[in-house]
Amino acid sequence: MQSVQDRVSNSLKAQPTDGINGLADLRRRIIREFGTITAASRALSIPYTQMSDMIHGRLFIVRHVATIQNRLGLSNREVLTLWPMLQRWPKEGRAS
């Protein structure tokens, strides 16, 4: 018998892989890629609470956004759709 978590994970994996149009799409993509949010946070070296806050739109940390973008292959436009508070992406490096 499958656990609830396995059923949810399997149903999300069955979703189409179209572009990311919102945070719900991001969550589905992360679960499809890693299996769970916990597994994603471990694989990406992002603390779970920060990962959870980011996929619910409560937080953005530039280095974590870049990590998620690179690992999931998100476009710059998708990043700005997910975290509009960034205002510009990619962020420019600081001048020395």
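Computed from the coordinates by the stated procedures, all read-outs in this text should not be read as laboratory data. These numbers were taken from a predicted model, which means no experiment stands behind them. Positions of Cβ are generated from backbone atoms using ideal geometry, with glycine treated the same way; all protein chains shown enter the neighbour counts.
Selection of first residues in the stretch 30-43 that are of a type in the set (D, E, K, R) and of second residues that are assigned to a helix (DSSP H, G or I) and surrounded by 14 or more Cβ atoms within 10 Å (Cβ to Cβ), restricted to Cβ pairs under 8 Å at least 6 apart or on distinct chains, gives the following pairs, ordered by first then second residue: Arg32/Leu12; Glu33/Ala40; Glu33/Arg71; Glu33/Leu72.
Considering only residues that are within 15 Å of Phe34 (Cβ to Cβ) and not hydrophobic (A, V, I, L, M, F, W, C), look in the stretch 70-93 and name the one that is surrounded by the most Cβ atoms within 10 Å (Cβ to Cβ). Top of the filtered list is Arg71. Applying the criterion of at least 3 residues that are over 17 Å from Gly19 (Cα atoms), more than 10 Å from the chain's Cα centre (by Cα) and not hydrophobic (A, V, I, L, M, F, W, C) to the helices (runs of 4 or more DSSP H) found wholly in the stretch 31-96 leaves 48-55.
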